Amino acid sequence: MSDSTAIGRAGATERIADANDAVRLELAIEDREDFEDARRGFVAALSPALVRGTEGRVVWDMESYSFLEEECPDTVNPSLWRQAQLNAIHGLFEVVPGIYQVRGLDLSNMTIVEGREGVLVIDPLICAETAAAALALYREHRGPRAVTGLLYTHSHVDHFGGALGVVDAADVAAGRIPVLAPEGFLEHAISENVYAGTAMARRAEYMFGAALQRGPRGQVGTGLGMTLSTGSIGIVPPTREIAHTGHEETVDGIAMIFQMTPGSEAPAEMNFLFPNHRALCIAENATHNLHNIITPRGALVRDARMWSRYLGEAIDLFGEHADALFAGHQWPRWGRERIVEMLAKQRDLYGYLHDQTLRLLNKGYVGSEIAELLELPTGLAREWHCREYYGTVSHNVKGIYERYMGWFDGNPAHLWSHPPEQAATRYMRAMGGADAVLEEGRRAFAEGDYRWVAELMSHAVFADPSNLEARELEARALEQLAYGAESAPWRNFFLMGARELREGVREGGNTPSREMVALLSTEQLFDVLAIRIDGPRAGELRLSFNWIFTDTDEHHVLMLSNGVLIHSANRQDSHADATVVVERAALNELFAGITPMTELLGEGRLRVEGDAAKLGELLGLLEEPDPSFAIVTP
Ligand SMILES: [Zn+2]
């Protein structure tokens, strides 16, 4: 058990403790139905619930969540505590005869369907280590069945990253194991994290709170599961793309009927029925929480309208044919009526958020106003699986506004306002200086207006990051907001902010793996270079290079023009400064940080014909992204 007292400086204030008490009274916290579902079909658990990677490093640790067995403290919203207890129930479970799930061995679930010869594995978790441990747990209790098929429900890493822990890439390449995925899977799996990957990863540190200490004053999960595993991520590309609703497929004697749901929770996603098992896999389209229309880590805004429609379609297609419903996260649900009831409420949840946001924006309200105005109808608000453990009404509404209207709220005073540091300096001056602002902050803290304290102190910190009193007061306000939050990502954001205000940013880093780089198209690879060009330094410089990839027989021109790296395929420029002859495989090693440029040149794996100094000039214009940029300070 982790030391849970070290993380926060203070416990909950009376105001937050009272608010949490009110939640306890308002909700039927003692309702055990979900707990019965979460434990139903239990076969066995991993004990101790630890997964180790290379050199014994722990990549998954459920033991650190044992504090959740205790009573909810006043530093956690009781509704979130209940959700964390449910998500912490882990082990191997039978969903229906022939369908098993390993839950709580990663953020996501691995589902195993028994076929004629072996098993079909659905969604092999985030990393090879946890996926292998999950499969081993299954085999220990169900026999050493071979993997005869693999299926990805959608293009998010927590549903494919551990593929190499359950299959051998050579078996897949040789056609021995089919790998099924929705149409567009590979493109989206790779591209979602290419362009803004560094910033998304940095914000994901806040959202999932993986580096936070676990405990009553720290991380209590992510709402959707407990946390992210930290082993080795890979990918095995699909060999069979599913493209049409109604498509039927049989793998190792296991029949499936598909429903495509592109642009719902992920850009490539699908639901499917096992007609012979009367079981429905709903991917990540209906989970035991309000999901994210816009994820706070950052991504394109998802389409709440289509999400809702797909769930309606799932009821029409499969509602009569499923006695069990399971997803890529959390516990299943049984009983035809209960399944349809859940899908209908989830359909209405996303539909209501979409339609009511649009109704209100057409009356002139802006995102931040709609976020305060919009409340779910009681039938949805009181439903556990519609509650804000992951997404919130507040930030989802702002996302829907943004999808239709963009960042601008239409008020010309906001069309050209000062950015944070410049605004902060001016606010501080207008409010009478740091001492006066701190005094107002302390008054607001005593009143329990922590949102206002955070906003005021953020101005003070952005005007003067060396103001330790302002940093501490902001940290204390964020802490109280965390203790009251029902949403785990909100709690984690608040706690990470408090930590970095007190301790600063811990240096991190993320380099893409060679396997992931190898799957980038050449266009994506050159796009990644283009994004790293320091435009102002590039200035008026004009450079042109021919690229020849000897192993893939590709010809490209890469041209620097007005600070932009322009790429065209299947061309050569007769006036190019130089021609770069290289294997694409060598370039992958360079991008993944495995082999430096000098070594590739020295070994002759990269050859420059023409003016080599010009290539040096181009490379000199590349800037490294910053994986640990400041968020709560300027
Ligand atoms: Zn997921």
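Consider LEU300 carefully, then state whether it is more than 29 Å from GLY41 (Cβ to Cβ), in contact (Cβ under 8 Å) with a residue 40 or more places away in the chain, of a type outside the set (Asp, Glu) and more than 16 Å from the ligand (Cβ to nearest atom).
Considered against the rule, which asks whether it is more than 29 Å from GLY41 (Cβ to Cβ), in contact (Cβ under 8 Å) with a residue 40 or more places away in the chain, of a type outside the set (Asp, Glu) and more than 16 Å from the ligand (Cβ to nearest atom), LEU300 comes out as no.
Just to be sure before I move on: is ARG584 more than 14 Å from GLU617 (Cα to Cα), in contact with a strand residue (DSSP E or B) (Cβ under 7 Å, 6 or more places away or on another chain), of a type in the set (Lys, Arg) and touching a residue at least 12 places away in the same chain (Cβ under 8 Å) in the structure I sent?
yes
Tell me, please, whether a residue that is within 30 Å of GLU70 (Cβ to Cβ) and more than 14 Å from the ligand (Cβ to nearest atom) can be found in segment 224-236.
Yes, that holds for at least one residue.
Do the conditions hold for ARG476, that is, is it of a type outside the set (S, T, N, Q), in a helix (DSSP H, G or I), in contact (Cβ under 8 Å) with a residue 12 or more places away in the chain and crowded, with 17+ Cβ neighbours inside 10 Å?
Yes, satisfied.
Restricting attention to segment 462-510, and to residues there that are modelled with pLDDT under 95 and in contact with a Pro (Cβ under 9 Å, 6 or more places away or on another chain), which single residue is farthest from LEU438 (Cα to Cα)?
Per the stated criteria, the residue is ASN510.
Could you list, in sequence order, the residues of segment 318-341 that are away from the ligand (no atom under 16 Å from the Cβ) and either of a type in the set (Gly, Ala, Ser) or in a helix (DSSP H, G or I) (or both)?
Across segment 318-341, the qualifying residues are PHE318, GLY319, ALA322, ALA324, GLY335, ARG336, GLU337, ARG338, ILE339, VAL340, GLU341.
Are there helices (runs of 4 or more DSSP H) fully within segment 127-193 with at least 3 residues that are crowded, with 24+ Cβ neighbours inside 10 Å and either away from the ligand (no atom under 16 Å from the Cβ) or at pLDDT 95 or above (or both)? List them. Before you say what the answer is, go through the steps one by one.
On the way: elements: 128-142, 169-173, 185-191.
Because the criterion is at least 3 residues that are crowded, with 24+ Cβ neighbours inside 10 Å and either away from the ligand (no atom under 16 Å from the Cβ) or at pLDDT 95 or above (or both), the helices (runs of 4 or more DSSP H) in segment 127-193 that meet it are 128-142.
Any idea how many residues of segment 395-451 are within 31 Å of the chain's Cα centre (by Cα), of a type in the set (D, E, K, R) and in a helix (DSSP H, G or I)?
Qualifying residue count for the region: 5.
Is there any pair with a first residue in segment 391-408 that is more than 14 Å from ALA299 (Cβ to Cβ) and without any contact (Cβ under 8 Å) to a residue 24 or more places away in the chain and a second that is part of a loop (DSSP other than H, G, I, E, B) and aliphatic (A, V, I, L, M) whose Cβ atoms are under 7 Å apart and which are 6 or more apart or on different chains, and what are they?
Short answer, once both residue conditions are applied: PHE408/LEU415.
How many of the residues in segment 252-291 are under 25 Å from TRP331 (Cβ atoms) and either more than 15 Å from the ligand (Cβ to nearest atom) or assigned to a strand (DSSP E or B) (or both)?
Here the count works out to 19.
The values are calculated or read from the model by the stated rules, or taken from the named source; none is laboratory data. All of these numbers come straight from a predicted model, not from anything done at the bench. Neighbour counts are summed over all protein chains in view; Cβ atoms, including those assigned to glycine, are modelled from backbone coordinates with ideal geometry.
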